[in-house]
Each structure stands twice: as C-alpha cells, then as structure tokens.
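Visitor: Once you've had a glance at the structure underneath, I'll fire off some questions.
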Amino acid sequence: MSSLDDSADIVIPVAGSPGIAMRVSRGRSPGPTLTILGGVHGDEFEGQLAAALIAETLGPQIERGELRVIPRANPIAAASQTRHTPDDDKNLARCFPGSPDGTTTERIARALTESAVEGSDVLIDLHSAGRALKMPLMIGYDAADAHRCAPLAAAFGVPIIWEHDVIGPGRSISTAADRGIAALYVECSGGGTVRREELEALVGGVRRVAVALGMVDGEVVDGAAPRTIRGGDGNLDASITCSGAGIAVLFVDVAQEVAAGATLAEIRGADGQLRESLTAPFASLVMAVRRDAPVVQGDFIAMLAPLHGAGPQ
Ligand SMILES: [Zn+2]
C-alpha cells in the first residue's frame, strides 16, 4: 500500500496447478486499465524482471485507472526456466484464450484470459528471444489496430516498431484484440541474459505508455524517432530453416538490413565443407537469429521482416 494508490496482491487460481500472482494497483480516479504480462515464456528473464520492477515502482504512482502486472504468466515454465510448460510441452503463446478443462498450459491461458486480459483497455506482453535466439529491442502489434496501438508503440520508445499484417491465433495479444483491447508485444535480445539497458527500456517504456494513457502524471516524451516496419506475421515457427545438419555460420545480425539474395548463413560440415547456403528471399530487416551453431534438419536460422514499402521512417 502507498499513500497514492490502492494495491493488492492477487493469486489467480488455476485448476490443478499453482496460481498466478498478479499485482493490481488502482489510482484514486477512474481511468484506463493497463495490463502487463511477463514470463509467458519461462526462459525469457527480461520481461519477468521488468514486470516485477514495474509493479514495485509504477504501481504506487498510478493516479488514474488500474495497473495489472503479472511477472510470471506461466509460473511452471518460469520455475523450470523453459519456453514450454514441462507438464504438456505446450507453448503458452499458442494456447490463448485457453480452456478450463484442457491441459495445464490451456488452463493457465484460460485463467489469464478471464482474470487479467478481460476488462483491460491496453495489454502489453513482455517477451524476449529466450535462450535459443537473439532479437532486437522492438514493439509490435496488428496493423488492424494501428489507430490505437501506433501511438502507444511510439510512446513506448524503442528503436523498432513492427506493424504486422496478421498476428497468428493463440497469443495473448490476439485474444486481447478479439476482445477489443489495444494489444502490443515487446521483444529484446534474450540468450538467457538480462541487459541493464534493455531492462530499463522495458520498465521505462511501460511508464511512458502509462503517462500517454493519463494514468500517471509526467511529460509525454516522443521516442527517438523509431523505425516502423510493416508486413509479416513475426511467427518464429514460420521462418528461415536449414534442410540438413551441420554448423551454422551466421552472416548477419539482428536489426541489420539485407538485400534480396543476400547470404544469411552457411551450413558447413565438421570437415568445413559447405552443405547449404541460406539467402534472404526478399529485402529485409533481420528480426531474429539463432544462437547455437550446431543445427539439425529443420532448425530455425533467422526470421526476416520485409522492407519493401517500409524504409526508414
Ligand atoms: Zn516469448
């Protein structure tokens, strides 16, 4: 509790599983409801820590409306530090809106949908590239909701904004969008590490959104002229993959522009022989690359965002 707000720690029950901790902070006056999710993936530590810091620092300062913060949206995956829930090997970010009598992950999704997502005006889902990948600091949303999401993404103030043609089903943000909620997600570098500047960007970004929504007092600051890219669905399950085993040699890094036909990676055998060369099918911004060099058939190599019609803004 603080002098300004009315905060409560709530545990959202999940049938047959540990509950999900949520901090709810209410201002003295009516206003929007802003919901922050961290830890939808248990191997993404930036969002989990940022959400906890947001609850502690921003929560007591809320003047208008309601801030809901869930640092560990999937407590079981967070405990095991894995992307998927060990119980059923499911990806929570493909299970929304969930089911009350489904598997563990589907029940977690249902509980989050009913107790955190529903009733929100704005949802921000804090992700990172996890242990396996690397991504740039960015914020994304569905172009269909650009009229509401673009100003919030600009207020968040990270270098790259990705406006998607389509957001696949099963995400917290697709479920939120279906319910008329302005929904955005954030990515950053991952790798099982937490970088101070990214942590500060996430905590500060949510604060700037809260200011833009009028929930806390402060100066609305224009971000550092972020670059907006448009198109693509940002689905890590549908990306550039290799066709055989070997050692991946990366030619590119995240946030790098590549021309159509540019080499993204080579796959070489242990003898050094070139087995495969992977190239960009269109002019792109590199939005994710793998971290581990050893690959087997079908492994993720890179994810691209199309650049055509979307140069530097
Ligand atoms: Zn994630």
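Visitor: What dipole magnitude, in Debye to the nearest 20, does the chain give about its Cα centre under +1 on Lys/Arg Cβ and -1 on Asp/Glu Cβ?
Guide: 140
Visitor: Please give the contour-minus-distance gain from residue 291 to residue 165: 0.36 nm per residue of separation, less the Cα-Cα distance, rounded to one decimal in nm.
Guide: 42.6 nm
Visitor: Can you tell me how much longer the chain between residue 257 and residue 87 gets when fully stretched, taken as 0.36 nm per residue apart minus their C-alpha distance, in nm with one decimal?
Guide: Contour length minus Cα-Cα distance gives 57.2 nm.
Visitor: Still on this structure, I have one more. R0 = 22 Å: FRET efficiency of residue 308 with residue 147, Cβ-based, nearest 0.05?
Guide: Calculated value: 0.40.
Visitor: Let me ask you something else. Sort region 138-241 into rounded, prolate or oblate with this rule: let a ≥ b ≥ c be the square roots of the eigenvalues of the Cα gyration tensor; rounded if a/c is under 1.5, and if a/c is not under 1.5, prolate when a/b is larger than b/c, oblate otherwise.
Guide: oblate
Visitor: Next up: For region 240-306, would you read off the P(r) tail past 15 Å as a percentage of all alpha carbon pairs?
Guide: The calculated P(r) of region 240-306 puts 44 percent of pairs beyond 15 Å.
Visitor: For residue 193 and residue 11, what does the FRET efficiency come to when R0 = 22 Å and r is the distance between their Cβ atoms, rounded to the nearest 0.05?
Guide: Computed FRET efficiency for residue 193 and residue 11 comes out at 0.15.
Visitor: Please work out the FRET efficiency for the pair residue 118 and residue 277, using the Cβ-Cβ distance as r and a Förster radius of 51 Å; give the result to the nearest 0.05.
Guide: 0.60
Visitor: May I pose another question? Using the Cα gyration tensor of region 6-230, with a ≥ b ≥ c the square roots of its eigenvalues, what is the shape: rounded (a/c below 1.5), prolate (a/b larger than b/c) or oblate (neither)?
Guide: Because its axes are fairly even, with a/c under 1.5, region 6-230 counts as rounded.
Visitor: For region 115-186 and region 241-313, what is the centre-to-centre distance using only Cα atoms, to the nearest Å?
Guide: 25
Visitor: Residues with beta-carbon under 9 Å from that of residue 162, excluding residue 162: net charge, scoring Lys, Arg +1 and Asp, Glu -1?
Guide: After counting each charged neighbour, the total is -1.
Visitor: Given H placed 1.01 Å from N in the peptide plane, which residues other than close sequence neighbours of residue 183 have an amide H under 5 Å from its amide H?
Guide: Amide H to amide H, under 5 Å and 5 or more residues apart or across chains, residue 183 pairs with 123.
Visitor: With both bridge residues required to lie in region 59-218, what share of the DSSP beta bridges run antiparallel, to the nearest 5%?
Guide: Just about 30 percent of them are antiparallel.
Visitor: For the chain, give the share of DSSP beta bridges that are antiparallel, in percent and rounded to the nearest 5; count only bridges with both residues there.
Guide: If we restrict to bridges inside the chain, about 60 percent are antiparallel.
Visitor: Based on Cβ point charges of +1 for Lys and Arg and -1 for Asp and Glu, what charge dipole magnitude is obtained for region 21-163 about its Cα centre, in debye rounded to the nearest 20?
Guide: Using only the charged Cβ atoms, the result is roughly 280 debye.
Values quoted throughout were computed directly from the atomic coordinates according to the rules given, and no laboratory measurement underlies them. Computed from a predicted model, the values in this text were never measured in an experiment. A quick note on method: Cβ atoms are made from the backbone with ideal geometry, for glycine too, and the neighbour counts reach across all protein chains shown.
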